[in-house]
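I have a structure I would like to understand better, so I am pasting it below and will then ask my questions one at a time.
The values are calculated or read from the model by the stated rules, or taken from the named source; none is laboratory data. Note that the structure is predicted; figures quoted are calculated from it, not measured. Cβ placement follows ideal geometry from the backbone for every residue including glycine, while neighbour counts extend to all protein chains displayed. SASA here: full protein model, heavy atoms, side chains in, ligands and nucleic acids out. Shrake-Rupley method; radii C 1.70, N 1.55, O 1.52, S 1.80 Å.
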Amino acid sequence: VEAQAFQGLGVGAVAALVFFRLGSRQLVLDGLADTGNNLTDTFSGTPVIVCSAAALAPLLDGTPPEQLKGYRLIPCATITAQGLLPLFRPDEVCIRNCTTGKSRRVDAMVGIGGTQQNAIFHPQLLE
């Protein structure tokens, strides 16, 4: 599935591509490696990739976050605000480093927040 998801996508100016699978639904978003994203799931220590609800809409297909696998809320603080970030665990997450062309499956939760159209993750997920 991973190879099919990335097939035909260019490497242009995008630093990374992030592939998500939830059941039979798949989504690929531009990825942004951000050293400021140190979010981890409070319970498992798993890194969190942050995506907006709008960007995730095709993947979630109207499913309320509360009904998703691994759903929980974690505390989250940014420079301008703090609150609770809803998380879920997709069935599969892969990140393609567009600089090296290498793709790898990663263990990550997805946080639903912000208004950005890309997937923000810590650069360690590329290693």
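List the strands (runs of 3 or more DSSP E) inside region 51-125, counting only whole elements, that have at least 2 residues being closer than 20 Å to GLN26 by Cβ, in contact with a Leu (Cβ under 6 Å, 6 or more places away or on another chain) and open to solvent by 40 Å² or more (accessible area, probe 1.4 Å).
Here the list is empty.
Being of a type in the set (A, V, I, L, M, F, W, C) and open to solvent by 50 Å² or more (accessible area, probe 1.4 Å) is the filter; apply it to region 29-50 and report the residue that is nearest to PRO86 (Cα to Cα).
PHE43
Something else: Mind listing whichever residues of region 51-106 are of a type in the set (D, E, K, R) and within 13 Å of PHE20 (Cβ to Cβ)?
Within region 51-106, ASP61, LYS69, ARG89, ASP91, GLU92, ARG96, ARG105 qualify.
Assess whether GLY36 counts as being out of contact with any Gly (no Cβ under 9 Å at 6 or more places or on another chain), of a type outside the set (S, T, N, Q), in a loop (DSSP other than H, G, I, E, B) and farther than 15 Å from ASN118 by Cβ.
In short, no.
Within region 32-50, track down each residue that is modelled with pLDDT of 95 or more and touching a helix residue (DSSP H, G or I) at 6+ places or on another chain (Cβ under 9 Å).
Within region 32-50, PRO47, ILE49 qualify.
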